[in-house]
Ligand code: ARG
């Protein structure tokens, strides 16, 4: 009996050829696992293609809700943005897919898991490090990294074995999509000077121009409703992608540092993610005490890097999770957003646990701030500098 491998199957050319290749070249029985993280797709056709390619089993799992609750949720609480820009769209889905690969490998007593990533990207790292963390005993296979096929070779291989791939006019782009957004690479985008052509965009085509306003309701750092109507997170994100995306807002154009040492030009569309993160940060500005807010922001960039680098399942990530969780206890309230042609921004925020105190902030007669307290405070605040100025700076450097 052949050994078994569970392959993360997307339905595309590479992973379809990978099924046959793992069978032919490595004598493995291949179980194809499709995880629905909101990328959209004709699952029936995808299933049939996996069978035609030689998979012994095809499993399709709808993991949208799990993806939203267990992966997007923590990302929101931690305001994740790699290098200050990228909301970690692909980086977040990989540890979830790895979790399902491991679960399926155990169910079918497989010895290995496999993915369809190349050797130049970050995703291979995320799959393999996550799998290793969850199941140190499982081997990782990466057929696309091993076989050295060009696209033409892969098409030829598919045709030779009768794998039904629809080789349409080759899209020059490499696209990865899930609930949290869409990543587009390659083609003309590999020229960092070239403006992205309109045809790379899908979630952010401008179809609305009449301004709208809506409220995002937050409970403990998570958006739980729109205009006070409760909604599960995965639906809320989908809804916002449509709503905010229709104003042509939510695009990111960046030069990104990959973990493997390559700088790459990346285009992202993440209208829902960017609107939620903007609103969440705004509510935190109202409700987080200053020192906590500042330390949190330092940890956010470390946390984003950990996720980008494939350490979703790691001790440091887990420990920062606890910090983030505690910080979100009072992030309850409402943020009002406005969309106009080409843009989306916050116009208001309120919360029962707001730390904004009108009587402290105002210059009106209701002012409750004790102005005389400031005098001694400022004197002591500057005391060290004053001493330095008297003894050193005034005498030497300025002289
Ligand atoms: N550069 C991004 C990341 O590492 C996106 C990669 C997505 N892959 C793609 N085929 N477009 O997370």
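Read the figures in this text as sums done on the coordinates, not as results from a lab. All figures in this text were calculated on a predicted structure; none of them were measured in a lab. Don't worry about glycine lacking a Cβ; one is built from the backbone with ideal geometry, like all the others, and counts go over all protein chains shown.
Over region 81-226, Cα pairs under 8 Å with separation of 6+ residues give a relative contact order of 17 percent. Report the relative contact order of region 249-399, percent, no decimals, based on alpha-carbon pairs under 8 angstrom and at least 6 residues apart. Answer for region 249-399 is 19 percent.
Distance between the C-alpha centers of region 17-57 and region 140-167? Whole Å please. Each part's Cα centre sits 13 Å from the other's. Among 150-159, 219-228, 275-284, the peptide with the highest mean count of other Cβ atoms within 10 Å heads the list, and the full ranking is 275-284, 219-228, 150-159. In the chain, the ratio of gyration radius to Kirkwood radius, Rg to Rh, stands at 1.07 when only Cα atoms are counted.
Please identify, among 313, 363, 173, the residue showing maximal mean-square fluctuation in a Gaussian network model of the chain using a 10 angstrom Cα cutoff. So, out of 313, 363, 173, the one fluctuating most is 363. Over the chain, Cα pairs under 8 Å with separation of 6+ residues give a relative contact order of 17 percent. Each principal axis of the Cα cloud of region 248-301 was taken in turn, and the coordinate range along them, longest first, works out to 38, 31, 10 Å. Name the shape class, rounded, prolate or oblate, that the alpha-carbon gyration tensor gives for region 171-326, where a ≥ b ≥ c are the square roots of its eigenvalues, rounded holds for a/c under 1.5, and otherwise prolate holds if a/b is larger than b/c and oblate otherwise. Oblate, since a/c reaches 1.5 and b/c is not below a/b.
Does anyone have the angle between helix 151-160 and the longest principal axis of the chain? Alpha-carbon axes, 0 to 90°, nearest 10? Tilt of helix 151-160: around 40 degrees.
Among 258, 391, a tally of other beta-carbon atoms within 10 Å of each Cβ gives an order, fewest to most, of 391, 258.
Counted over region 96-221 with a bin width of 5 Å, the fraction of Cα pairs per bin, in whole percents, is 2, 7, 12, 13, 15, 16, 13, 10, 6, 4, 2, 0. Scoring 242-251, 184-193 by mean Cβ neighbours within 10 Å over their residues and listing the highest first yields 242-251, 184-193. DSSP assigns beta bridges within the chain; of those with both partners inside it, close to 65 percent run antiparallel. Legend: ranking of residues 290, 106, 182 from fewest to most surrounding C-beta atoms inside 10 Å; resulting order 290, 106, 182. For the chain, the longest principal axis of the C-alpha atoms and the axis of helix 89-107 are separated by about 50°.
Taking Cα atoms only, the orientation of helix 233-245 departs from the longest principal axis of the chain by about 80 degrees. The alpha carbons of region 240-399 give a radius of gyration and a Dmax of 22.4, 65 Å, in that order.
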